[in-house]
6 protein chains.
Amino acid sequence: MGIHHYFKSLSDLEKIYRCPGKFKFQEHSVASHSFKVTKIAQFLGTVEEMDGQTVDWRLLYEKALNHDYAELFTGDIKTPVKYASKELKRLFNEVEEEMTRKFVEKEFPPEFQKIYLGRFKEGKDDTLEGRILAVADKIDLLYESFGEIQKENPEPLFMEIYEEALSTILLFKDMTCVQYFLDEILPEMLRERFIEQSELTAITERMIEESRNQ
Amino acid sequence: MGIHHYFKSLSDLEKIYRCPGKFKFQEHSVASHSFKVTKIAQFLGTVEEMDGQTVDWRLLYEKALNHDYAELFTGDIKTPVKYASKELKRLFNEVEEEMTRKFVEKEFPPEFQKIYLGRFKEGKDDTLEGRILAVADKIDLLYESFGEIQKENPEPLFMEIYEEALSTILLFKDMTCVQYFLDEILPEMLRERFIEQSELTAITERMIEESRNQ
Amino acid sequence: MGIHHYFKSLSDLEKIYRCPGKFKFQEHSVASHSFKVTKIAQFLGTVEEMDGQTVDWRLLYEKALNHDYAELFTGDIKTPVKYASKELKRLFNEVEEEMTRKFVEKEFPPEFQKIYLGRFKEGKDDTLEGRILAVADKIDLLYESFGEIQKENPEPLFMEIYEEALSTILLFKDMTCVQYFLDEILPEMLRERFIEQSELTAITERMIEESRNQ
Amino acid sequence: MGIHHYFKSLSDLEKIYRCPGKFKFQEHSVASHSFKVTKIAQFLGTVEEMDGQTVDWRLLYEKALNHDYAELFTGDIKTPVKYASKELKRLFNEVEEEMTRKFVEKEFPPEFQKIYLGRFKEGKDDTLEGRILAVADKIDLLYESFGEIQKENPEPLFMEIYEEALSTILLFKDMTCVQYFLDEILPEMLRERFIEQSELTAITERMIEESRNQ
Amino acid sequence: MGIHHYFKSLSDLEKIYRCPGKFKFQEHSVASHSFKVTKIAQFLGTVEEMDGQTVDWRLLYEKALNHDYAELFTGDIKTPVKYASKELKRLFNEVEEEMTRKFVEKEFPPEFQKIYLGRFKEGKDDTLEGRILAVADKIDLLYESFGEIQKENPEPLFMEIYEEALSTILLFKDMTCVQYFLDEILPEMLRERFIEQSELTAITERMIEESRNQ
Amino acid sequence: MGIHHYFKSLSDLEKIYRCPGKFKFQEHSVASHSFKVTKIAQFLGTVEEMDGQTVDWRLLYEKALNHDYAELFTGDIKTPVKYASKELKRLFNEVEEEMTRKFVEKEFPPEFQKIYLGRFKEGKDDTLEGRILAVADKIDLLYESFGEIQKENPEPLFMEIYEEALSTILLFKDMTCVQYFLDEILPEMLRERFIEQSELTAITERMIEESRNQ
């Protein structure tokens, strides 16, 4: 029993890779996904705050930081499995909660148990902070799938993930931070361009030409 | 729809790594695990046959080769989750079967569907072939955990896996092939030794000495 | 001496990577190649059987499972080297057989030696099972090279491998299973399409538009 | 210009590996290090709060989350270089600040610039939150080096890193959370034990014996 | 103290990866970069020699082989940092020299110190050999960036590196070996072509057709 | 045809890993092996020169740099195969030479062919430079195997490689540079020590104690 096991478990999250069983050009661990989601949530919260909303920052950071900690116990189970049936989804959530509760009761001294049970709870509720988390989680997923599509991964799954992520984000389209994302960030992402080999030849020839004329 | 998707899916099994979320010195994919289990089952079947048992080789190979194909749909879910409760285990199996059935119906032309539904069924039944598969699966797991322990992986999980694998093998101790494993193979595995750095110095000095005297 | 060394050697096949010395997006080990070839052979055998041929399944599985085991002793030597001259090819085969024989005699107890010498022999003979193996081996190679071409690997070698694999498959065009592959599976593989970034923009805009109108 | 570049840069932190140029059994990226430091800071802050201190949680999370963001511009430069001379250290910090300022001014719209300049500033000041960050950063470094020592990495550097991390933590020994770490967590970490191969033999024999007597 | 530490340090150069913090399809270590630069310098020197120049081969090899050894102490610091200001560049060089000097004095016996201080000095001076090194270093960098562009790495940095490398090479356009590179090698590199999937279909159909007609 | 293909081939040497088919903690490519051998040869040549020998440095560097280039065509074939029989060894060398000759004639313009045929020839002849290369090649192999033994790789092969490398070095024991290696470098390598976890506890306790007393 002890906090040492909790600290050590953080490193296990570096060894759980997202979306197992598909060829990817770039792998992402649950640990670095959690980092990126928290950073994105920080930005989204800032937009909301500038718009006049009151953000409970402590709550927002707690939700974002811990939102996938339970994958320590279950791994990154493929989404279609998790949600294959309503009954399975319900049962699956129960199991996750049960395993988390057991871990907290086994590893945390009594004085910390209530706090950490709260921290490890499902964070995507109807509060402003829960909604920001839901959006931030999908924005990182959208970036992950965009990264594969952009590198020309032929696997159609990444297109499905992109669409699924975007459609979830759109569910929150009434939020100022989602409007900001749709108006300012997403178009910039889509405008990213590629270097074609034909350009390479043109650039090279221009550079050699210019060098000659100096 | 089509067999092409089935052939392509075999390569996805190369990207599902066993026992996610733990530091390992050597990773093993579901594809290469399946290969090793089939080779081990081949040996165990040979022992049984030499002992006078009738082995249905076609059945044995089918069981061994396909025994983890359903992980394509579910990933390598952590065992404690899978078996966290009897209810979950039952439901989980139902989901796996359901997803496999859907895949077969979607990807296989009608004339192949019945054959492949049979091949992808849980293979560990009470037949001789089902029991050989159960043992072969655990022997490979035992080798995987032994490989980590031998490389001095400090994670206690691998000791637990070793013990769990061995205790399952022992459930089949009435089988000739299990006796052969316990009497002939396991002791040899445990006798494996290490080179100590102190030996290195001794060997080096002896070799230099011998070279001097030539 | 002992079966333990044989079991342990299976894991070495996970560390021999096919086609060394070329940049690949996805590596394939001899272990997982053997798994895939056996699965493909299983399908091809099924097609032959449905066509009325008698398949010796035990033999087919033995051939497929063990067809590259001798690479344990030689590694995956580049094909052009192996076949640089008829004399070398002959000598090379002799060496492989000799090393396999020595391994079997050293590691296998006498009662298993004859069986395993048979299993480790070159399997691509003129039997139906030997011909299925020859085709299955090349189909997996074709998929490996297609995977690189599809991911836009600029190395022309993969085009050469694709052509070499296809032309070998075509040598067996009188087989029903090869006709099935050419008529049903290969066209489906070639129809695989890519997501272009331009589509991404169109899809995104459509989804946002639809969301607005809800 | 745009937030898209900021979001995309988060993924670059997944590609900067800590402590380059030394063999490690387990690599750690700046992204996952940042995640772990934030989680550890959360625990340390909880200990302080339970002890009656007032923790500015928003500030603590901001400091922890962003403390290594500037490595995006400089990479993980080897510590001895960074601090080779006081003059270099001063200059190096200036350069880091300058590059961060330029990035913020180039990529962030004006309304966010002040906020992010604050967030990306060096966080290890004399506030309670700055001190917690300093400790959390070194606790993760101590775990990273312990992980290598425990896996028997022969490189003496990891012992030096362990000692350097511990001696920095000890500078903060007046803090309650550091006392908690020294009294409750560190001893537990050091008590971690290894499985020896000799034990393996004993355990195996006991299990087989027990199985026989059933 | 001792040459053993020098020999061992060579392996650390295998663990320093060039251009950290960016997604790359193919990583290159400082060790293999040094190998390639030396091989390229050998070719460039050969061209110069055939043109009638006198090449001090010993000096050329020493310069090429050792030109990045100091990265052992500093890592592969991002170029923009290194040259963020003239003052920093000067200081950075001083630090590198100082650390190299300390290493030589600590690890090399006195009789070797002067020789190795000479060998580890910045080699890109105005001698023919220094200029060949400058060109060879950039040719390898150009190949590294071309490799990423050719594999369709969407990161614009590689285009910048390509241009920076080429513009440095063009500074030496008065050298015969640079003319050879620009006239004979670079155009060949740019002519490299890709296999399009559409071609694949055409080739496949042609091969099947030809096989039919045999 | 062209030097571009020669330059590009250098990068293929980064993808040929030495000693395929065995678990290793640290992989080494032919490219970085070649770099290290050249650096070691540089040192050994320096020792010989200081002893009064005349070293043909150009020749030494050419031999060391190019000594494994032919592995581009053959891969790193397992040594036992290569030397399974005298006849095979002879044939194998012939094939290597033939393939190298063909490559040079295909890729190098006529004016460079003779030079490069010379450079790619087997370099381990009876000249001082050929003997230095033979020793340097084995010293790097000895370091590679020592690295695995030191990290406690349980595979006995590495002990065999260590012994084979050392016994070859001892064949050249009449050379001053080999004496230097045996007297000054090897003992230092063998004196390398490990940090034991028990020490870690002692060091930690001492540091905490000292911190208390300040």
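The values are calculated or read from the model by the stated rules, or taken from the named source; none is laboratory data. All figures in this text were calculated on a predicted structure; none of them were measured in a lab. Note that each Cβ is placed from the backbone with ideal geometry, even for glycine, and that neighbours are counted across all protein chains shown.
At a glance:
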item	result
Long-range neighbours under 6 Å by Cβ, at least six apart or interchain, first residue within 7 Å of chain E (Cβ to nearest Cβ) within the range F:1-27, second surrounded by 17 or more Cβ atoms within 10 Å (Cβ to Cβ)	F:Ile3/E:Ile185; F:His4/E:Ile185; F:His4/E:Met189; F:Leu10/E:Lys36; F:Leu10/E:Lys39; F:Glu14/E:Ser32; F:Glu14/F:Ser29; F:Glu14/F:Ala31
C:Gln26, sole failed condition from (1) touching a helix residue (DSSP H, G or I) at 6+ places or on another chain (Cβ under 7 Å); (2) crowded, with 19+ Cβ neighbours inside 10 Å	(2)
For C:Val135: the one exception among (1) closer than 30 Å to C:Glu71 by Cα; (2) touching an Asp or Glu at 6+ places or on another chain (Cβ under 9 Å)	(2)
Residue match in the range E:52-66 (condition: touching a strand residue (DSSP E or B) at 6+ places or on another chain (Cβ under 9 Å), within 11 Å of chain F (Cβ to nearest Cβ) and surrounded by fewer than 20 Cβ atoms within 10 Å (Cβ to Cβ))	no
Scope the range D:171-184; condition of a type in the set (A, V, I, L, M, F, W, C) and either at pLDDT below 95 or within 14 Å of F:Glu209 (Cα to Cα) (or both); matching residues	D:Leu171, D:Leu182
Test: residue in the range B:95-113 that is out of contact with any helix residue (DSSP H, G or I) (no Cβ under 7 Å at 6 or more places or on another chain), polar (S, T, N, Q) and surrounded by fewer than 19 Cβ atoms within 10 Å (Cβ to Cβ)	no
Qualifying residue in the range C:142-155 (condition: in contact with a helix residue (DSSP H, G or I) (Cβ under 7 Å, 6 or more places away or on another chain) and over 29 Å from C:Phe172 (Cβ atoms))	yes
Answer residue from the range C:165-195, given it is more than 30 Å from A:Ser145 (Cβ to Cβ) and among the acidic types (Asp, Glu) and is nearest to the other protein chains (Cβ to nearest Cβ) among those	C:Glu184
Any chance E:Glu122 is within 12 Å of another protein chain (Cβ to nearest Cβ) and within 17 Å of the chain's Cα centre (by Cα)	no
Filtered residues of the range A:168-200 (kept if farther than 23 Å from D:Glu107 by Cα, among the polar types (S, T, N, Q) and surrounded by 15 or more Cβ atoms within 10 Å (Cβ to Cβ))	A:Thr168, A:Gln197
Criterion violated by F:Leu141 - all others in (1) closer than 19 Å to B:Glu205 by Cα; (2) out of contact with any Leu (no Cβ under 9 Å at 6 or more places or on another chain); (3) within 14 Å of chain B (Cβ to nearest Cβ) satisfied	(3)
Residue match in the range C:87-109 (condition: outside any helix (DSSP H, G or I) and over 24 Å from B:Ala136 (Cα atoms))	no
Top-ranked residue of the range E:33-42 - restricted to ones that are within 7 Å of chain F (Cβ to nearest Cβ) and touching a residue at least 24 places away in the same chain (Cβ under 8 Å), ranked as surrounded by the fewest Cβ atoms within 10 Å (Cβ to Cβ)	E:Lys36
Selected residue [within 7 Å of another protein chain (Cβ to nearest Cβ), more than 21 Å from A:Glu155 (Cβ to Cβ) and either free of Cβ contacts under 8 Å to residues at least 12 places away in the same chain or touching a strand residue (DSSP E or B) at 6+ places or on another chain (Cβ under 7 Å) (or both)] from A:Leu72, A:Leu91	A:Leu91
Every pair of residues 6+ apart whose Cβ atoms lie under 8 Å, when the first sits in the range C:151-167 and is within 18 Å of F:Leu72 (Cα to Cα) while the second is at pLDDT 90 or above and among the hydroxyl-bearing types (Ser, Thr, Tyr)	C:Phe158/C:Ser145; C:Ile161/C:Ser145
Residue in the range C:160-178 that is touching a Pro at 6+ places or on another chain (Cβ under 9 Å) and either under 30 Å from A:Pro187 (Cα atoms) or part of a helix (DSSP H, G or I) (or both) present	no
Unmet requirement for A:Asn153, which otherwise passes all of (1) within 9 Å of another protein chain (Cβ to nearest Cβ); (2) over 20 Å from D:Ile3 (Cα atoms); (3) assigned to a helix (DSSP H, G or I)	(3)
From C:Thr74, C:Thr79, residue being at pLDDT below 85, closer than 30 Å to F:Ser9 by Cβ and surrounded by fewer than 20 Cβ atoms within 10 Å (Cβ to Cβ)	C:Thr79
Residue in the range F:152-162 that is surrounded by 15 or more Cβ atoms within 10 Å (Cβ to Cβ), of a type in the set (Val, Ile, Thr) and closer than 30 Å to E:Met50 by Cα present	no
Scope the range B:115-150; condition surrounded by 22 or more Cβ atoms within 10 Å (Cβ to Cβ) and not in a helix (DSSP H, G or I); matching residues	B:Gly123
